[in-house]
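Enquirer: Okay, handing you the structure first.
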Amino acid sequence: MSAILELAEYLGIESSYYDIWGNQIFATDETRSSLLNAMGFTINTDEDAQQALLKLQRDKWSSPLDPVYIIPAEAQTGRIRIRLAASALQQKIHLLLSLENGDLHQKQISVSQLKPLSEQTIDGQTVAEFELEIPDNLTLGYHMLDLRLPDCQSLSTLVVAPRTCYEPKQVSDNKLWGVAAQLYSLRSQQNLGLGDFGDLAKLVHNAAEHGASSVGLNPLHPLFPANPAHISPYSPTSRSFVNTLYIDVHAISELNESKAGRELLESGHYKEKVAQLNQQELLDYPAVAKLKQQLLEIAYQHFVCEHQTKNTHRSQKFDDFCDEMGAELDTLCTYDALYEHFHKQNPDVYGWKDWPAEYQQANSAAVIQFAQENKQRIGFFKYCQWIADQQLSGIAKLAKQQGMPVGLYLDLAVGCDGSGAEVWGEQDLFVPGAGVGCPPDLLNQLGQDWGLTPINPFALRQKAFRPFVNALRNNMRHAGALRIDHVFGLMRQYWIAPGKDARSGAYVRFPLDDLLRIIALESRRQKCLVIGEDLGTTPDGFGDIAAQAKMLSYKVLYFENQQDGRYVKPADYPDLSMVTVSTHDLPTIKGWWEGNDLKWRTELKLYPSEETRLKELNGRNEERKLLLTALLDAELITPEAASKIDLTSPSMTLELSVAIQKFLASSCGFLFMIPLEDLLSLKEQVNIPGTTWQHPNWLRRLPCPIDKLFSQAHAQQVVKAVNQLRVK
């Protein structure tokens, strides 16, 4: 094995993978070297790789403790491995264990009493690995271990974590259902042309009244306030906070208390602009953002004058929020202020990579000075985050008050935009230049580059998984369920080599068992169900591992087929699953049945060949027949009605559409979700993977306001049928 291949394997870069068609695809030497260089190594020759590998091994063996240990909660005793020089055999170790609750455990132990496991010679010095017992029955949580010898000190985080997530049976013994919404798409007379948290509160109320147990949402992560044209919710600047564009400005107390705020809200110009934005079929994010920021700035100035300067109770609550969110909030809001500052100077300057060099490190002297000189502007962005968090918290409480067993079902994106705050703030955690995506598959036969910067799993462990913990915790704080996008990324991620297309990549291993334990711990603490979006090329063994962790699988009708192509029967869906007909990246059921997605793929030239296009077109005809057969077998449609359905020129009917929703509603899956686009029988889909400006992704608004959603004829029929099959 070459040193380059050995180094790649050590860092988790896999040499090959099997694609969705069963072909073994090998990573090229060029791809391997390119990814290693992106990870921070200068690898031009085998000798370079050999020296890099030796340094990694030297660093590991020279530290007594690993940066983090995951301790199974069910273990009777805890044992960890430590490394000590042979010269330490006659010494004593002093151990200080600081528990999360503040308790301390101390003890001394002679190295000679420890059980030796292995030895390694590093730079001519023998280093031995020993087994060290830690106290039994540690409480769940994050504890600090401090190991001291006369000539060194080493620190580590002990994470005591359960094997299983918070379970559905702790929520309900019944099969539940809910609606899934793209928040921005909601219409109302009150919003500013883009769905907001006021609309979400109404949707929660109306959905609960009609029997829904949950409202699912697109990722609510923050994007870029100074660049509202960046609109994909799956390409955030951070995964730990909230998109402030969703704030319901009319519900901000400071805006209503402010004379300037009231005058603006009552002005003819304001009302005319809002009416204009609400008449548009596609969203105008920049116009909405401009109007909303004007109102938010008025509200903030009133907050500063009437609350901060007087140190009111409301001001103290804001301070408490800032303290709770800590350094991550400081980083995000400093970044937002810097982004705005440089973007105003030059509209062609966007993320931190375009800024002057002295501002490209979050802890630089220039950034620290900027933060001191711009406290008010950074304070404004913190205030917006606080308002957004308050409003989302209120909606989560409303869902519980309305009797929703699950409540809000939020979405954790797979990663962050490389030009955003999270990457800027922790550059040593990420792999710049590389991309996260997926190899060619059924969704996109050219592969996909999601425009995200991958996290280095080696660096993530060095940070004791803290960034991952924070992302989970901050997304679960107001959620009854959390969907983890592309959950396979917990086991392996497909990295695309810098400067290459999605076909030039390799899979990189992640510490699945450790990450699942952390998810389970946070899930239990927050009493939040976890749903793993497991669509695509499934790594071997992943399904069983996730099921053992009590993570709900993500089942989409289009992909639930047996080997002979027939659709999986409702009774054969796993209990631990969330089931749905479609998702934001797939056609609506009406669009699928009528072939609207195939039309779009043809127009957008997403097929690698005409042969592939014709194969999918003919395959869709067969899929329609098979679905109709499945509906007949389930007695959800009569033979007479089926005989009237024209498969050569397919057109969705009310009876057929309702029958398809009933098919999944009758399944064994714990939670059944209906996208609002399917509830209203819409044809156009939310997003087409592999496109940006070529298709109106993330721009479509629903055709009717929230208060009329459930009174539409199609929605009434679906809700009535589903409520007969599922109860709260």
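The values are calculated or read from the model by the stated rules, or taken from the named source; none is laboratory data. The shown structure was predicted, so the numbers you read here are calculated from the model rather than taken from an experiment. Here the Cβ is made from the backbone with ideal geometry for all residues, glycine too, and neighbour counts use every protein chain on show.
Enquirer: Can you tell me how many residues within segment 672-703 are surrounded by 23 or more Cβ atoms within 10 Å (Cβ to Cβ) and touching a Gly at 6+ places or on another chain (Cβ under 8 Å)?
Expert: 4
Enquirer: How many residues are small (Gly, Ala, Ser) and either in contact with a helix residue (DSSP H, G or I) (Cβ under 7 Å, 6 or more places away or on another chain) or crowded, with 17+ Cβ neighbours inside 10 Å (or both) if we restrict to segment 308-328?
Expert: 1
Enquirer: While we're on this one: Is there a residue being assigned to a helix (DSSP H, G or I) and over 16 Å from the mean Cα position of the chain (by Cα) anywhere in segment 483-502? Talk me through it step by step, then tell me what you get.
Expert: Going residue by residue through segment 483-502, those that are assigned to a helix (DSSP H, G or I) are 487-490.
Filter once more, so that each one left must be over 16 Å from the mean Cα position of the chain (by Cα): none.
The answer is no; no qualifying residue exists.
Enquirer: Right, another one. Considering each residue of segment 222-277, count those that are more than 28 Å from Gly420 (Cα to Cα), in contact (Cβ under 8 Å) with a residue 12 or more places away in the chain and not in a helix (DSSP H, G or I), and give that number.
Expert: Looking only at that region, the number is 1.
Enquirer: Given the structure, is Glu281 without any contact (Cβ under 8 Å) to a residue 60 or more places away in the chain and either at negative phi or of a type in the set (D, E, K, R) (or both)?
Expert: Answer is no for this residue.
Enquirer: For the subset of segment 140-186 comprising residues that are among the hydroxyl-bearing types (Ser, Thr, Tyr) and either closer than 30 Å to Gln685 by Cβ or not in a strand (DSSP E or B) (or both), which member is modelled with the lowest pLDDT?
Expert: Keep residues of segment 140-186 that are among the hydroxyl-bearing types (Ser, Thr, Tyr), which gives 142, 154, 156-157, 164, 166, 172, 184-185.
Then drop every residue that is not either closer than 30 Å to Gln685 by Cβ or not in a strand (DSSP E or B) (or both), which leaves 164, 166, 172, 184-185.
Numbers: Thr164: 97, Tyr166: 97, Ser172: 89, Tyr184: 98, Ser185: 98.
Looking at residues that are among the hydroxyl-bearing types (Ser, Thr, Tyr) and either closer than 30 Å to Gln685 by Cβ or not in a strand (DSSP E or B) (or both), I get Ser172.
Enquirer: Regarding Gln125, is this residue more than 36 Å from the chain's Cα centre (by Cα) and either at pLDDT below 90 or not charged (D, E, K, R) (or both)?
Expert: Judged against the criteria, Gln125 is a match.
Enquirer: Which residues, taken from segment 384-403, are in contact with a Ser or Thr (Cβ under 6 Å, 6 or more places away or on another chain) and buried (at least 24 other Cβ atoms within 10 Å of the Cβ)?
Expert: The answer is Cys384, and nothing else.
Enquirer: Are there any strands (runs of 3 or more DSSP E) wholly within segment 393-456 with 3 or more residues that are hydrophobic (A, V, I, L, M, F, W, C), and if so which?
Expert: Details: elements: 407-412, 435-438, 448-453.
The strands (runs of 3 or more DSSP E) meeting that bar are 407-412.
Enquirer: Cβ-Cβ distance below 7 Å, separation of 6 or more or different chains: which pairs start in segment 187-210 with a residue that is at negative phi and at pLDDT 95 or above and end on one that is among the aromatic types (Phe, Trp, Tyr) and surrounded by 22 or more Cβ atoms within 10 Å (Cβ to Cβ)?
Expert: Here the result reads Leu194/Tyr184; Gly195/Tyr184; Asp196/Tyr246; Phe197/Tyr246, each pair linking segment 187-210 to a residue that is among the aromatic types (Phe, Trp, Tyr) and surrounded by 22 or more Cβ atoms within 10 Å (Cβ to Cβ).
Enquirer: Give me a count of the residues in segment 121-135 that are touching a residue at least 60 places away in the same chain (Cβ under 8 Å) and over 26 Å from Ser98 (Cα atoms).
Expert: 3
Enquirer: Select the strands (runs of 3 or more DSSP E) contained entirely in segment 8-123, then report the ones holding at least 2 residues which are over 24 Å from Thr453 (Cα atoms) and not basic (Lys, Arg).
Expert: Details: elements: 16-18, 24-26, 68-72, 78-85, 92-98, 104-110, 115-122.
Counting at least 2 such residues, we get 68-72, 78-85, 92-98, 104-110, 115-122.
Enquirer: In this structure, does Glu603 turn out to be more than 30 Å from Leu11 (Cα to Cα) and without any contact (Cβ under 8 Å) to a residue 24 or more places away in the chain? I'd like the intermediate steps shown before the answer.
Expert: Numbers: more than 30 Å from Leu11 (Cα to Cα): yes; without any contact (Cβ under 8 Å) to a residue 24 or more places away in the chain: yes.
Taking the combined requirement at face value, the residue satisfies it.
Enquirer: Sticking with this one: Can you tell me how many residues within segment 124-139 are farther than 13 Å from Gly78 by Cα and either part of a loop (DSSP other than H, G, I, E, B) or among the basic types (Lys, Arg) (or both)?
Expert: 1
Enquirer: If you scan segment 143-158, which residues turn out to be surrounded by 16 or more Cβ atoms within 10 Å (Cβ to Cβ), closer than 14 Å to Glu100 by Cα and hydrophobic (A, V, I, L, M, F, W, C)?
Expert: Correct list: Leu145, Leu158.
Enquirer: I would also like to ask the following. Can you report the number of residues in segment 96-125 which are surrounded by 18 or more Cβ atoms within 10 Å (Cβ to Cβ) and under 28 Å from Leu521 (Cβ atoms)?
Expert: Final tally of qualifying residues: 1.
Enquirer: For segment 360-370, how many residues are in a helix (DSSP H, G or I) and buried (at least 17 other Cβ atoms within 10 Å of the Cβ)?
Expert: Of segment 360-370, the ones in a helix (DSSP H, G or I) are 365-370.
This time we only want the ones that are buried (at least 17 other Cβ atoms within 10 Å of the Cβ), so: 367, 370.
Residues meeting the conditions: 2.
Enquirer: Scan segment 650-671 and give yes if some residue there is loosely packed, with under 15 Cβ neighbours inside 10 Å and among the aliphatic types (A, V, I, L, M), otherwise no.
Expert: yes
Enquirer: When segment 325-358 is examined, which residues are found to be assigned to a helix (DSSP H, G or I) and more than 18 Å from His230 (Cα to Cα)?
Expert: Answer for segment 325-358, where residues must be assigned to a helix (DSSP H, G or I) and more than 18 Å from His230 (Cα to Cα): Met325, Gly326, Ala327, Glu328, Leu329, Asp330, Thr331, Thr334, Gln345, Ala357, Glu358.
Enquirer: Identify the single condition in (1) under 30 Å from Ala502 (Cβ atoms); (2) more than 34 Å from the chain's Cα centre (by Cα); (3) in contact (Cβ under 8 Å) with a residue 40 or more places away in the chain that Ile4 does not satisfy, given that it satisfies every other one.
Expert: (2)
Enquirer: With the requirement that a residue be in contact with a helix residue (DSSP H, G or I) (Cβ under 8 Å, 6 or more places away or on another chain) and either charged (D, E, K, R) or at pLDDT below 95 (or both), what does segment 695-714 give you?
Expert: Selection gives Arg700, Arg701, Asp707.
Enquirer: A further question on this structure: Only one of Val530, Val581 is farther than 23 Å from Met491 by Cα, modelled with pLDDT of 95 or more and hydrophobic (A, V, I, L, M, F, W, C). Can you tell me which? Before the answer, list the steps.
Expert: On the way: Val530 fails: farther than 23 Å from Met491 by Cα.
Unique residue meeting the criteria: Val581.
Enquirer: Mind listing whichever residues of segment 37-84 are under 18 Å from Phe458 (Cα atoms) and β-branched (Val, Ile, Thr)?
Expert: Of everything in segment 37-84, those that are under 18 Å from Phe458 (Cα atoms) and β-branched (Val, Ile, Thr) turn out to be Thr42, Ile43, Val68, Ile70.
Enquirer: Can you name the number of the only condition in (1) surrounded by fewer than 15 Cβ atoms within 10 Å (Cβ to Cβ); (2) touching a residue at least 60 places away in the same chain (Cβ under 8 Å) that Thr331 fails?
Expert: Going through (1) surrounded by fewer than 15 Cβ atoms within 10 Å (Cβ to Cβ); (2) touching a residue at least 60 places away in the same chain (Cβ under 8 Å) one by one, Thr331 breaks only (1).
Enquirer: I've got another one for you. From Val249, Val274, grab the single residue that is of a type in the set (Val, Ile, Thr), at pLDDT 95 or above and over 22 Å from Leu332 (Cα atoms).
Expert: Val274
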